[in-house]
Amino acid sequence: MTMAERAIQPQGERRSAAGLFTPFRLKGLTLANRVVMAPMGRCFADHGVLAPGYADYYRRRVEGGAALILGEATSISTSGSSNPTSPAFYGEAAIEAWREPVAAVHRAGGFFMPQIWHAGLARSPGCEPYPQVPSIGPSDWYIPNTDEKLCPRPGRRYGAPMTEAEIEAVVRHYGDAAEAAQRIGCDGVEIHGAHGYLIDQFFWPTMNQRTDRYNGTMRDRARFAAEVVAEVRRRTRPDFPILFRFSQWKLQDYDAKTVETPDDLAQLVETLADAGADLFHVSVRRFWEPAFEGSDLTLCGWTRKLSGLPTMTVGSITLDQPFGVGTDDYQAHFLKAQERKLDYSSVEGIDRLIELFDRGEFDLVAVGRAMIANPDWATLVREDRLDELKPYSRDLLTTLD
Ligand SMILES: Cc1cc2nc3c(=O)[nH]c(=O)nc-3n(C[C@H](O)[C@H](O)[C@H](O)COP(=O)(O)O)c2cc1C
């Protein structure tokens, strides 16, 4: 549906969700509708190898109407792995374990893309599964963290700024993972450039204190990401979609900003688009919030306008509380007392989402926690059965249902 077609929606009538259930073409793929399962780390892997339950877990969301599944963050190398229960996308056993979930999604009529990820310095020194491997990042620094479990030396400097050779090696590892994803039948990849992990550490001036060409303007801070995108493009078929996820917020600081102005954003998205990104997945915690003063446009809307590429929105879809805690209490120390209830979220309506879709701010919508609670989220919304949606609770994370 073009922006002009969306704009002819009659005024004053309740908006219909039908637009979300129109097909969408992304390179060689035709998605049946605009509903995507957001990438969510469920951490049911054993030393990087997925548990068998993932095939059914993802299949159920496709049977429930989602057109595309974004797999949970999966690490590209030993230095990128911060947890033995997180899946990996390197090493034969770990890569092979992805085949069955991908095939299950395909059998159900959906598409699957893994989210390839490197934790950077959001990885405690000495943590499992590779305690001997040093943590690396743009600079030798990490913001003070009061969580002893995740950062055993809070407030200390650790790690070393990545050398050019280390940057080259990590870029190559992203390429290896994307090539493997294509080989085992994935339909594209999402590059995780959000939430304070390695790529985002380069974007974020607080953590990028380099004095070389990887720091300076936003374009310079995007150089590492652009090299990753270009390598993934080079190592995959020209029609293999590359999604790029970025965010303002960081797990280390919800109020942090990657971009302060539309000009910063233009530099970021133009650099990544030139490198070969096909779609931007714009991660915010509340999808409707305006991005910059003086305009109603969301970050997703701005990204679509400035890049000319399609975008995916996300953040509190049909939920009344934003994402806050993740898989454990990682963020609890940083939350204000009133936000600590975020492990539970009630059901919200869909009108605001449709309004933004009709305004042409996004092409696809990623649904996170609401799709953990409701594998059939897409069907319930399409059939206007919102009253059947269940709320989200962190208790749901204990099993892979
Ligand atoms: C349990 C859990 C795990 C998550 N893991 C990831 C992840 O692996 N990669 C990522 O980019 N975002 C991750 N997120 C963030 C979600 O993709 C999404 O952006 C966030 O939950 C907001 O969407 P929602 O309000 O619909 O849940 C995770 C969220 C949750 C709740």
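The values are calculated or read from the model by the stated rules, or taken from the named source; none is laboratory data. All values derive from a computational prediction rather than experimental measurement. Methodologically, a virtual Cβ is constructed for each residue, glycine included, from the backbone with ideal geometry; neighbour enumeration extends over all protein chains shown. Heads up: the accessible areas ignore ligands, DNA and RNA and are worked out on the full protein's heavy atoms, side chains in. Shrake-Rupley method; radii C 1.70, N 1.55, O 1.52, S 1.80 Å.
Side notes on the structure shown:
- Counting Lys and Arg as +1 and Asp and Glu as -1 over every other residue whose Cβ lies under 11 Å from the Cβ of VAL314, the net charge comes to +4.
- Long-range HN-HN contacts of MET40 with modeled amide H, under 5 Å: GLU72, ALA73
- Ratio of the Cα radius of gyration of region 3-398 to 2.2 N^0.38 Å, where N counts its residues: 0.92
- Using just its DSSP H runs of length 4 or more, each adding -39500 (n - 2.57), the chain gives a mean residue ellipticity at 222 nm of -8000 deg cm²/dmol after division by all residues.
- Within region 16-51, backbone nitrogen closer than 20 Å to the virtual label 7 Å beyond the Cα of THR85 toward Cβ: 39-51
- Label-point separation, GLU179 to ASP274 (7 Å along Cα→Cβ), nm: 2.6
- Three-way shape call for region 351-401 based on the alpha-carbon gyration tensor, with the a/c threshold at 1.5: prolate
- Charge sum, other residues only, whose C-beta stays under 13 Å from TYR214's C-beta, Lys/Arg counted +1 and Asp/Glu -1: -1
- Amide H contacts of GLY315 (H built 1.01 Å from N, under 5 Å, at least 5 apart or other chain): GLY368
- Label-to-label distance, nm, for residues given as VAL49 and TRP288 (7 Å Cα→Cβ offset): 4.7
- Per residue, the chain exposes 39 Å² of accessible surface when a 1.4 Å probe is rolled over the protein heavy atoms with every protein chain present.
- The label point for ARG107 and the one for ASP239, both projected 7 Å from the Cα toward the Cβ, are 2.6 nm apart.
- Each peptide in 297-308, 197-208 gets a packing score, the mean of other Cβ atoms within 10 Å over its residues, and the list from highest to lowest is 197-208, 297-308.
- Extension gain, THR399 to ARG60: 0.36 nm times the residue separation minus the Cα-Cα distance gives 120.6 nm.
- Karplus (6.51, -1.76, 1.60) ³J(HN,Hα), θ = phi - 60°, over region 382-396, in Hz, Gly and Pro reported as x: 4, 8, 6, 10, 4, 5, 8, 5, 9, x, 9, 9, 5, 4, 5
- Net charge of Cβ neighbours under 13 Å - reference LEU389; Lys, Arg +1; Asp, Glu -1: -3
- For the pair GLU128 and ARG172, the difference between a 0.36 nm per residue extended length and the Cα-Cα distance amounts to 13.5 nm.
- With the charge dipole of region 190-262 set up from +1 on Lys and Arg Cβ and -1 on Asp and Glu Cβ about the Cα centre, the Cα lying farthest toward the positive end among the listed residues ALA225, GLN248, GLY193 is that of ALA225.
- Stretched out straight at 0.36 nm per residue, the stretch from GLN209 to ARG25 would grow longer than its current Cα-Cα span by 62.3 nm.
- Taking region 3-398 as the region of interest, the number of lysine pairs whose Cα atoms are within less than 21 Å, with members eight or more places apart or on different chains, is 8.
- Accessible-area composition of the chain, carbon plus sulfur, in percent [1.4 Å probe]: 51
- Relative contact order of the chain, defined on C-alpha pairs under 8 angstrom at six or more residues apart (%): 17
- Region 160-203 - convex hull of the alpha-carbon atoms, volume per residue in Å³: 75
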